[in-house]
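Here the structure comes first, spelled out in structure tokens, and everything after it is commentary.
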Amino acid sequence: MLHNINISRLFLCLIILCNLTFVLDGCGFRLRGLLGNGIALPAVYLQGTAGSAIMVELKQTMQSIGTEVVSGKALAHYVLNIINEQRSRRILSVSSAGKVQEYELNYAVIFTVTDSQGAPLLSDQKISFTRSFSFAETDVLAKGTEEESLIETMRQEAVLGIIRRMQALQSQKTEPQTTKPESHDEVENGAT
């Protein structure tokens, strides 16, 4: 008897979950994925400091959305040049004893996008983030790990921002013309 009640409850929960899914789908709700629109880019050549954390992250993320990362500019549709990656830390607040209580982390990436011939498509773009975290001298190792984790998160967000800007660039290229070209018939009819 108890076994039948548990099966009935499980079945009822599944029905409720399915109905909730249909309701959310019907109202247009969609879970936001890694990259909202998921547009795979044409072949990209990455230019910057080889092996740096941002270059590794860019390559992995681009490949995960189906973008081919090529080994030469001539093979690429887009050339993504990471000009500068900056990170800094400044004191945000101190205690009455003069000890640091809070830091502010700043992370920024400056990049350009060109075509394979070097024509600029996105010039001198900057993506930056700021985060703050509390600091305690008694917990230096844990706070150091927290700081590195925050930097890594900001780097990942910057990579997603770069890819979104490139996807927007790609979307602009593929959108159809909104103005209708004038045909010869319309010109002739308008003149008579």
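Computed values, structure above
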{"quantity": "Subset of the range 107-117 (residues that are surrounded by 15 or more Cβ atoms within 10 Å (Cβ to Cβ) and not aromatic (Phe, Trp, Tyr))", "calculated": "Ala108, Val109, Ile110, Thr112, Val113, Thr114, Ser116"}
{"quantity": "Among the candidates Gln60, Gln117, residue that is over 17 Å from Pro42 (Cβ atoms) and of a type in the set (S, T, N, Q)", "calculated": "Gln60"}
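Let's see how each residue does on (1) under 15 Å from Asp115 (Cα atoms); (2) in contact (Cβ under 8 Å) with a residue 60 or more places away in the chain:
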{"site": "Thr49", "(1), (2)": "no, no"}
{"site": "Gly72", "(1), (2)": "yes, no"}
{"site": "Leu75", "(1), (2)": "yes, no"}
{"site": "Val79", "(1), (2)": "yes, no"}
{"site": "Asn84", "(1), (2)": "no, no"}
{"site": "Arg87", "(1), (2)": "no, yes"}
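We did not get these values from a lab; they are worked out from the coordinates using the rules stated. Owing to the predicted nature of the structure, the values given are computational and were not obtained by experimental measurement. No Cβ is skipped: glycine too gets one built from the backbone with ideal geometry, and neighbour counts run over all protein chains shown.
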